[in-house]
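A short write-up of the structure that comes next.
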Amino acid sequence: MAKIKVLQFAGGEIHDWKGVGDEVEATLKEDSEFEVTRVNEDLNVFTTDLSAYDAVVFHYTVGSITDAQRDGLFNFVKSGKGFVGIHSAADSFRDSPEFRDFIGGYFVTHPRYRSYQVSVLDDKHPITEGLDEFVVTDEQYITDYDPRVNVLATGLYKGKAYPVIWTKSFGKGKICYNALGHDANACKNMYFKLTLVRGVKWAAATA
């Protein structure tokens, strides 16, 4: 069986992208179905030929993206490939409304780093199948999001439910956004690891 070829991209400001990147890489490499290539910081990778990959796993914060870099990534996903954004992917490239539309939402604020409950809305979807409720210790992202995204799981903040995991289509491709994974410790949570792996397999159209 052919392996799922993943381009893992990590970088940006504010967050510990190296710690998160190391944990994400380790989690993906624990699964024999993945073949992982990791690139740090260099957004020009998206101007190269990405056709050998099945999915991009993306952890980045703030920064700027050029039209060529953005179009390379967008065209990759539009062609029928996958994209999985982790946590601060929703706070990348604040000056690019096109990227916000691509992800399906954007960061607004966050409460203090704490334990909070995640409630699964769809326990039949391949990413959240068999899950109900679970607790994480993480930084909860409060996002403004496109109501057309498919919200799979939520967390409460000031009495209102905000998405934790959502999916959407983009051209022929698929996008999963997972708001978990603020730092290396948060990435060790079994539910983050499970939904990450499942999210990549789903986005790569193999699950």
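Brief remarks follow.
- Fraction of accessible area attributable to carbon and sulfur, the range 30-107 (%, probe 1.4 Å): 42 percent
- Between the range 82-129 and the range 130-154, the Cα center-to-center distance that results, in Å: 7 Å
- The amide H of Leu121, built 1.01 Å from its N in the peptide plane, has Ala153, Thr154 as neighbours under 5 Å, considering only residues 5 or more places off or on other chains.
- For the range 83-159, the list of trypsin sites (Lys or Arg not before Pro) that fall in a loop by DSSP and count at most 14 other C-beta atoms within 10 angstrom reads Arg94, Arg112, Lys124, Arg148, Lys158.
- Semi-axes of the equivalent ellipsoid of the range 2-45 are 21, 13, 5 Å, computed as sqrt(5λ) over the eigenvalues of the C-alpha gyration tensor in descending order.
- Accessible solvent surface per residue of the range 1-58, calculated while the other protein chains remain in place, 1.4 angstrom probe, Å²: 48 Å²
- Under the Debye formula (equal points on every Cα, no solvent term), log10 I(q)/I(0) of the chain at q = 0.13, 0.14 Å⁻¹: -0.63, -0.74
- Relative intensity, log₁₀ I(q)/I(0), of the range 127-207 from a Debye sum that treats every alpha carbon as a point, q = 0.17, 0.19 Å⁻¹: -0.69, -0.87
- Short-range pairs are left out: with C-alpha atoms under 8 Å and at least six residues apart, the relative contact order of the range 51-188 is 26 percent.
- Placing a pseudo-label 7 Å from each Cα along the Cα-to-Cβ vector at Arg148 and Glu13 gives an inter-label distance of 3.2 nm.
- Think of a 1.4 Å ball rolled over the protein heavy atoms: the range 64-165 then has 46 Å² of accessible area per residue.
- For a straight C-alpha distance cut-off of 24 angstrom, the lysines reachable from Lys201 (same-chain residues fewer than eight places away being disregarded) are Lys3, Lys5, Lys18, Lys29, Lys78, Lys81, Lys124, Lys168, Lys172, Lys174, Lys188, Lys193.
- Taking N as its residue count, the alpha carbon Rg of the range 11-126 over 2.2 N^0.38 Å: 1.12
The values are calculated or read from the model by the stated rules, or taken from the named source; none is laboratory data. Note that this is a predicted model, so its numbers are computed, not measured. Positions of Cβ are backbone-derived with ideal geometry, glycine not excepted, and every protein chain shown enters the neighbour counts. The accessibility values were calculated without ligands, DNA or RNA, using every heavy atom of the protein model including side chains. Shrake-Rupley method; radii C 1.70, N 1.55, O 1.52, S 1.80 Å.
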